[in-house]
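Notes follow once the structure below has been shown.
The values are calculated or read from the model by the stated rules, or taken from the named source; none is laboratory data. Being a predicted model, the structure only gives us computed values, none of them experimental. As a convention, Cβ positions derive from the backbone with ideal geometry for all residues, glycine included, and neighbour counts pool all protein chains shown.
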Amino acid sequence: MQVRVIDVIKRSSDVKSIRVEKNENLNFIPGQFFKFTIKNQSRYLSASSSPLRNFIEFTKRLTSSEFSKNFDVLEKNDSVILEGPYGKFSLQHDDKKILFIAGGIGITPVFSILEHSFITKDTRNMILLYGNKTGNIPFKKELIEFEKGINLKILFFTEEFEPECYHGCIDVNSIRNLVPDFNERTTFISGPPAMVENIKNQIQDAKLDVKIRTEKLIGY
């Protein structure tokens, strides 16, 4: 389906959000992704907005790939093609307590879920462990606002030292020490494939009793 770009938001020096018009045929569940096509080049991108918004937002870290270059130069009234939605990285009715683990731009499907939870005033208990290389953290301001409005606790991690952030990468020890009731939670892990597999394997190797859902976002 061809849709029109209605807004472009520069999140940081290397992260950009594109908002496209949303019509009645583009319904999705928070956490799902679409096939996003520009100039005959396609990639799968998670929505980074609640389906209750009157737009669908896609957020990408900019790289040197041709797709990324085309994404970067999109302007209002340009057209892109969407197919979907796809994916099962979404909350279920029986997920009463939730742990989100996100790395970098892997925050996008989690942000969709959290924004929707904020809008609908979801009362479920949620914790987010969110890791980035530097203090240049996409959606940090919005996430802090969500934290004030719903039953959400956010712990930021950076590989470089940053005030008010945990130093280092998220691992199984972070989960054990910072989320003592982890075994009562459904765990959603989203990020680059290596990060997702690493955390998933650590959890399995430690024989932790955790229900896991994953989403791997490939950089391009």
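Which of the numbered conditions does Gln92 fail, given that it passes all the others? Conditions: (1) surrounded by 16 or more Cβ atoms within 10 Å (Cβ to Cβ); (2) outside the structural domain of Ser50 (by TED's automatic domain parsing); (3) more than 19 Å from Val179 (Cα to Cα).
(1)
Look at segment 141-200 and say how many of its residues are crowded, with 16+ Cβ neighbours inside 10 Å, within 17 Å of Arg124 (Cβ to Cβ) and among the acidic types (Asp, Glu).
Of the residues in that region, 1 qualify.
Could you list, in sequence order, all residues of segment 21-38 that are of a type outside the set (A, V, I, L, M, F, W, C) and not in a loop (DSSP other than H, G, I, E, B)? Let's see the steps before the verdict.
Taking segment 21-38 as the starting set, the residues that turn out to be of a type outside the set (A, V, I, L, M, F, W, C) are 21-25, 27, 30-32, 35, 37.
Hits for segment 21-38 are Glu21, Lys35, Thr37.
Of everything in segment 105-139, what is modelled with pLDDT of 95 or more, surrounded by fewer than 17 Cβ atoms within 10 Å (Cβ to Cβ) and under 21 Å from Asp14 (Cβ atoms)? Give them in sequence order.
None - no residue of segment 105-139 is modelled with pLDDT of 95 or more, surrounded by fewer than 17 Cβ atoms within 10 Å (Cβ to Cβ) and under 21 Å from Asp14 (Cβ atoms), so the list stays empty.
Looking at segment 64-78, which of the residues that are surrounded by 14 or more Cβ atoms within 10 Å (Cβ to Cβ) and in contact with a Phe, Trp or Tyr (Cβ under 7 Å, 6 or more places away or on another chain) is farthest from Leu143 (Cα to Cα)?
Checked segment 64-78; the qualifying residue farthest from Leu143 (Cα to Cα) is Phe67.
Taking Lys10, is it free of Cβ contacts under 8 Å to residues at least 40 places away in the same chain, under 17 Å from the mean Cα position of the chain (by Cα) and not assigned by TED's automatic domain parsing to the domain that holds Thr134?
Yes.
Which condition number in (1) part of a helix (DSSP H, G or I); (2) without any contact (Cβ under 8 Å) to a residue 24 or more places away in the chain; (3) not aromatic (Phe, Trp, Tyr) is the one that Val196 fails?
Of (1) part of a helix (DSSP H, G or I); (2) without any contact (Cβ under 8 Å) to a residue 24 or more places away in the chain; (3) not aromatic (Phe, Trp, Tyr), only one is false for Val196: (2).
Starting from residues that are among the small types (Gly, Ala, Ser) and part of a strand (DSSP E or B), keep the ones in segment 84-104 and report whichever is farthest from Cys169 (Cα to Cα).
If we take residues in segment 84-104 being among the small types (Gly, Ala, Ser) and part of a strand (DSSP E or B), then Gly84 is farthest from Cys169 (Cα to Cα).
Only one of Ile56, Ile107, Ile81 is under 21 Å from Pro138 (Cα atoms) and in a strand (DSSP E or B); which?
Ile56
Please enumerate the residues belonging to segment 113-143 that are within 18 Å of Leu178 (Cβ to Cβ) and more than 15 Å from the chain's Cα centre (by Cα).
Scanning segment 113-143 gives a single hit, Asn125.
Check Thr134 against each of (1) outside any helix (DSSP H, G or I); (2) in contact with a strand residue (DSSP E or B) (Cβ under 8 Å, 6 or more places away or on another chain); (3) within 26 Å of Ser50 (Cβ to Cβ) and name the one condition it does not meet.
Every condition holds for Thr134 apart from (3).
Could you check how many residues of segment 13-25 are hydroxyl-bearing (Ser, Thr, Tyr) and exposed (fewer than 14 other Cβ atoms within 10 Å of the Cβ)? Lay out the reasoning, then the answer.
Our first condition is that a residue be hydroxyl-bearing (Ser, Thr, Tyr); within segment 13-25, this holds for 13, 17.
Now drop any that are not exposed (fewer than 14 other Cβ atoms within 10 Å of the Cβ), which leaves 13.
Summing the residues that are hydroxyl-bearing (Ser, Thr, Tyr) and exposed (fewer than 14 other Cβ atoms within 10 Å of the Cβ) in segment 13-25 gives 1.
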